[in-house]
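Chemist: Have a look at the structure that comes next, please.
The values are calculated or read from the model by the stated rules, or taken from the named source; none is laboratory data. Keep in mind that this is a model prediction, so the values were computed, not measured. Here the Cβ positions follow ideal geometry from the backbone for every residue, glycine too, while neighbour counts run over all protein chains shown.
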Amino acid sequence: MLSKKQKSFVQKLFVLSFAFALSTQTTNAMHIMEGFLPKGWCISWGIIVIPFLVLGYFKLKVQTKENPNALLLFALAAAYVFVVSALKMPSVSGSSSHATGIALGAILLGPAPMSIIGLIVLLFQAILLAHGGLTTLGANIFSMAIVGAFVAYGVYILLKKMKAPGWLAVFLATFLSNMATYATTSLELGLAYPDGASGVFGALAKFMSVFMVSQVPLAIVEGIFTVIIFEGIKKYDVFGKKGLKEVATNEQ
Amino acid sequence: MNSKVKVALGVIAALIIIAVPFIVLGGHEFAGTDDQAVEMIGTLSKGYEPWADSPLEISDEAEGLFFTLQAVLGASILGFCLGRITSKPKLEDK
């Protein structure tokens, strides 16, 4: 469990960051490339992700204290994101993109620690690969490691509650996590570049047409590999005293 | 169906999905969706100039090399972690 002090600190940080982020948007009502998001939006998304990063750090600290194998699972989840996001795959839509790899860790460790993994991977790609960017880091962490992680976790828990088979819950969680990531990227771009005629929604639809169709086959492929790894490790004693489901659902 | 057969079927299905675009579209050059998004930004906001550049200006070859390095680094750590996890006792054995 997070201590009362930590909980209250994180709560205050959430309120503050949203207030600051909104205040930078006075008049403007994959990964986004360096310099391709206006400054105000870069600052807003950068501020919004701060409390998630702090929460992720605290949760990871608690998990490593409670389960000696939590760090091993964290390393596994991070390595998976590293591999998956390095593999650009072609799609039948005629373009290429990559999957995110976030869902596996979100299911194994819960969604919060994935923000730290997102930060590590996206920083590496922004600095060394000229992929994504430092200025768009906040927006990219938000879409991939926060929305993607919470969607994966939410879908997995919901389907488990509905007594769906484990493999199906993991597959759909991964698939929808991918789609949600790119829908969020489209929204981030749509908000920043509203269409002259049809506004934010028109721009959102245009950006979704770029990202979403290409992503479908990649999300299916990632779903298959995530199921294989998940099914392979779930029977081993690495999830601490509370077990796998409880690790993921644990409200620390 | 035993689990090895299921894994094999899963991998085959994934490989087919990856191979289909190459077969259907032949020598087509697959542009990245990030580049297409940049084009879309150009359409929606005419004359937009990015206000920051990547800290490292790297060539396409170097970028390919770094992506491979990332995949190899990730795969090595992934393999190590999977090895560590599967060397632990199974839950039903306890």
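Chemist: List pairs: first residue in the stretch A:37-55 and within 14 Å of chain B (Cβ to nearest Cβ) and of a type in the set (Ser, Thr, Tyr), second residue in a helix (DSSP H, G or I) and buried (at least 19 other Cβ atoms within 10 Å of the Cβ) anywhere in the structure, Cβ distance under 7 angstrom, at least six positions apart or on different chains.
Modeler: none
Chemist: Counting only residues that are more than 7 Å from chain A (Cβ to nearest Cβ) and more than 19 Å from the chain's Cα centre (by Cα), how many does the stretch B:4-18 have?
Modeler: Applying the first criterion (more than 7 Å from chain A (Cβ to nearest Cβ)) to the stretch B:4-18 yields B:4-6, B:8-9, B:11-12, B:15-16.
The next check asks that each one be more than 19 Å from the chain's Cα centre (by Cα); those that pass are B:4-6, B:8-9.
Number satisfying all stated conditions: 5.
Chemist: Let me ask another. If residue A:197 satisfies all but one of (1) out of contact with any helix residue (DSSP H, G or I) (no Cβ under 9 Å at 6 or more places or on another chain); (2) at pLDDT below 85, what's the number of the condition it fails?
Modeler: It is condition (2) that residue A:197 fails.
Chemist: Condition test on residue B:44, is it under 30 Å from residue A:232 (Cα atoms), among the aliphatic types (A, V, I, L, M) and within 7 Å of chain A (Cβ to nearest Cβ)?
Modeler: On the way: under 30 Å from residue A:232 (Cα atoms): no; among the aliphatic types (A, V, I, L, M): yes; within 7 Å of chain A (Cβ to nearest Cβ): yes.
No.
Chemist: Cβ-Cβ under 7 Å, sequence separation 6+ or interchain: first residue in the stretch A:193-214 and β-branched (Val, Ile, Thr), partner part of a loop (DSSP other than H, G, I, E, B). Which pairs?
Modeler: A:200/A:194; A:213/A:93
Chemist: Show me the helices (runs of 4 or more DSSP H) found entirely inside the stretch A:71-187 where at least 3 residues are touching a helix residue (DSSP H, G or I) at 6+ places or on another chain (Cβ under 7 Å) and surrounded by fewer than 23 Cβ atoms within 10 Å (Cβ to Cβ). If you could, list the steps in order and put the result at the bottom.
Modeler: Working: elements: A:102-109, A:114-128, A:137-141, A:148-161.
Helices (runs of 4 or more DSSP H) meeting the threshold: A:114-128, A:148-161.
Chemist: What number of residues in the stretch B:62-94 are within 7 Å of chain A (Cβ to nearest Cβ) and outside any helix (DSSP H, G or I)?
Modeler: Total satisfying the criteria: 4.
Chemist: Related question: Failed condition for residue A:238, given (1) outside any helix (DSSP H, G or I); (2) more than 8 Å from every other protein chain (Cβ to nearest Cβ), with all others met?
Modeler: Unmet condition: (2).
Chemist: Can you spot a residue in the stretch A:194-204 that is within 10 Å of another protein chain (Cβ to nearest Cβ), farther than 24 Å from residue B:78 by Cβ and either assigned to a helix (DSSP H, G or I) or touching an Asp or Glu at 6+ places or on another chain (Cβ under 7 Å) (or both)?
Modeler: Looking for residues that are within 10 Å of another protein chain (Cβ to nearest Cβ), farther than 24 Å from residue B:78 by Cβ and either assigned to a helix (DSSP H, G or I) or touching an Asp or Glu at 6+ places or on another chain (Cβ under 7 Å) (or both), one finds at least one in the stretch A:194-204, hence yes.
Chemist: Sort out which residues of the stretch B:51-61 are surrounded by fewer than 14 Cβ atoms within 10 Å (Cβ to Cβ) and within 7 Å of chain A (Cβ to nearest Cβ), and write them in order of number. Give the steps one after another, and end with the answer.
Modeler: Initially, the stretch B:51-61 is screened for residues surrounded by fewer than 14 Cβ atoms within 10 Å (Cβ to Cβ), giving B:51, B:53, B:55-57, B:59-61.
Residues satisfying the conditions are B:51, B:53, B:55, B:56.
Chemist: Could you tell me how many of the residues in the stretch B:19-39 are within 7 Å of chain A (Cβ to nearest Cβ), farther than 19 Å from residue A:212 by Cβ and not in a helix (DSSP H, G or I)?
Modeler: Residues meeting the conditions: 1.
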